[in-house]
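Have a look at the structure below, then the notes.
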Amino acid sequence: RDPNLDYSCGLFDDKMQLVATGSCFGNTLRCLAVSRLHQGEGLMNRIVTHLMEVQYFRGNTHLFLYTKCSAARFFHDLGFYEIARIDGQVVFMENKRNGFDKYLKGLSGDLAQHGADCHGADCRGTGCRGADFRDAAPGSKPVSAIVMNANPFTMGHLFLVEEAAKKCEILHVFVVSEDCSMFPFSVRQDLVKKGTAHLKNVICHASGPYIISQGTFPSYFLKEEAVVCEAHAKLDIAIFEIIARELGITNRFVGEEKKSMVTSMYNRVMLEQLNKVGIKAEEIPRKKINEEVISASKVRQWIHDGQLESVCPFVPKTTWEYLYSEEARPVLEAIQKAQDVIHY
């Protein structure tokens with residue numbers, strides 16, 4: 001049974017035997033099942049309808065679910081649409097007919113806007129040409145991507161972006177949108193944008209509900225068994241493959257990870273899966289200061305321990321200015337009160 005549930009319901013027969021059940025977690029529907037003795041009676045329809053009513057009452061109107069490949073057609077009849085699948089394992093679906101398509105179009109819009117903003121600008125030496133980079137000439141630098149949480153944005157993140165940007169015609173940086181981190185998404189995205197503003201071939205995107213979210217990759221935010229983490233990672237990467245096709249992405253960069261079990265596993269699966277579909281995945285070694293590896297976990301630990309001055313060399317000026325602002329005070333206080341600030 002999935003241990004990460006925040007609501008469960010059941011249908012019982014006249015002998016109070018459980019005959020159908022379903023659960024929610026965040027904006028996902030999970031653990032949907034009907035007894036073999038009662039299949040064909042429309043019970044799953046009643047379960048899903050009830051769960052959707054619960055979600056709408058919570059304010060969640062954009063819903064996701066996992067199901068077996070064999071059951072996808074059934075859930076399509078209940079108003080869910082396929083986003084991606086891992087053959088023989090799982091299908092990931094949403095209740096908005098054009099939800100994922102609109103997200104993809106939004107990314108293309110970001111790309112077009114970047115080209116318009118750069119048109120005629122002095123971007124020499126950056127790799128940016130102020131054009132639609134999907135039409136790059138043969139032999140030109142690749143279009144690449146990075147996905148980061150940036151909790152908060154550190155010199156390590158900046159090093160990763162700068163190293164990747166040197167090798168790219170354009171670099172798409174996706175900031176994890178899920179608000180499950182100690183620094184809110186709005187803050188993290190703003191710090192990434194400000195910290196990379198000098199790199200004219202970098203475009204920052206919100207990852208939305210489709211990249212490392214509670215829907216696609218809940219293991220990133222929860223302590224799951226390794227086998228569950230790997231299945232989630234494969235699904236998340238399958239969705240990224242579709243995004244990569246939309247934007248013409250041929251390369252993806254990640255920072256080396258030795259301490260976080262989930263991130264290191266994700267990197268391993270990503271390297272394996274993306275290379276199979278012709279997307280080159282490259283791991284860049286972590287930046288060090290005085291032989292000490294820079295990590296956001298370490299920065300959060302110093303904030304937790306009241307050692308803010310220790311943070312200064314490890315973050316860009318823009319992050320440092322935020323940490324000393326009045327706006328940051330509630331975030332810093334929350335970190336100082338937290339029991340655990342290290343991502344496992």
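Quick look at the numbers
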quantity	calculated
Pair list, Cβ under 7 Å, 6 or more apart: the stretch 188-207 residue over 15 Å from residue 113 (Cα atoms), other residue among the β-branched types (Val, Ile, Thr) and open to solvent by 10 Å² or more (accessible area, probe 1.4 Å)	191/318; 194/318; 195/318; 196/202; 199/126; 207/147
Qualifying residue in the stretch 124-135 (condition: within 29 Å of residue 217 (Cα to Cα), at pLDDT 90 or above and open to solvent by 20 Å² or more (accessible area, probe 1.4 Å))	no
Selection within the stretch 92-119 - modelled with pLDDT under 90, open to solvent by less than 30 Å² (accessible area, probe 1.4 Å) and within 17 Å of residue 206 (Cβ to Cβ)	108, 111, 114
All positions within the stretch 15-29 that are farther than 11 Å from residue 5 by Cα, open to solvent by 10 Å² or more (accessible area, probe 1.4 Å) and in a strand (DSSP E or B)	18, 19, 21
Failed criterion for residue 233 (all others in (1) modelled with pLDDT under 90; (2) farther than 28 Å from residue 287 by Cα; (3) open to solvent by less than 40 Å² (accessible area, probe 1.4 Å); (4) part of a helix (DSSP H, G or I) hold)	(2)
Criterion (part of a strand (DSSP E or B), at pLDDT below 95 and open to solvent by 30 Å² or more (accessible area, probe 1.4 Å)) met by exactly one of 11, 32, 37	32
Test: residue in the stretch 83-91 that is of a type outside the set (Gly, Ala, Ser), open to solvent by less than 20 Å² (accessible area, probe 1.4 Å) and touching a residue at least 40 places away in the same chain (Cβ under 8 Å)	yes
Qualifying positions in the stretch 163-191 - among the aromatic types (Phe, Trp, Tyr) and either under 23 Å from residue 141 (Cβ atoms) or surrounded by fewer than 19 Cβ atoms within 10 Å (Cβ to Cβ) (or both)	174
Residue check, residue 246 open to solvent by 10 Å² or more (accessible area, probe 1.4 Å), within 23 Å of residue 101 (Cα to Cα) and outside any loop (DSSP other than H, G, I, E, B)	yes
Qualifying residue in the stretch 144-162 (condition: of a type outside the set (Lys, Arg), without any contact (Cβ under 8 Å) to a residue 40 or more places away in the chain and either open to solvent by less than 20 Å² (accessible area, probe 1.4 Å) or farther than 20 Å from residue 281 by Cβ (or both))	no
Selected residue (only one of 65, 51, 43 is of a type outside the set (Phe, Trp, Tyr), under 22 Å from the mean Cα position of the chain (by Cα) and either buried (at least 16 other Cβ atoms within 10 Å of the Cβ) or at pLDDT below 90 (or both))	65
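So that you can scan it fast, the table gives a plain yes or no per residue for (1) assigned to a helix (DSSP H, G or I); (2) modelled with pLDDT of 95 or more; (3) of a type outside the set (Ser, Thr, Tyr); (4) touching a strand residue (DSSP E or B) at 6+ places or on another chain (Cβ under 7 Å):
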position	(1), (2), (3), (4)
139	no, no, yes, no
162	yes, yes, yes, no
168	no, no, yes, yes
181	no, no, no, no
198	no, yes, yes, no
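The values are calculated or read from the model by the stated rules, or taken from the named source; none is laboratory data. The model shown is predicted, which means the values in this text are computed figures rather than measured ones. No Cβ is skipped: glycine too gets one built from the backbone with ideal geometry, and neighbour counts run over all protein chains shown. Please note that ligands, DNA and RNA were not included when accessible areas were found on the heavy atoms of the full protein model with its side chains. Shrake-Rupley method; radii C 1.70, N 1.55, O 1.52, S 1.80 Å.
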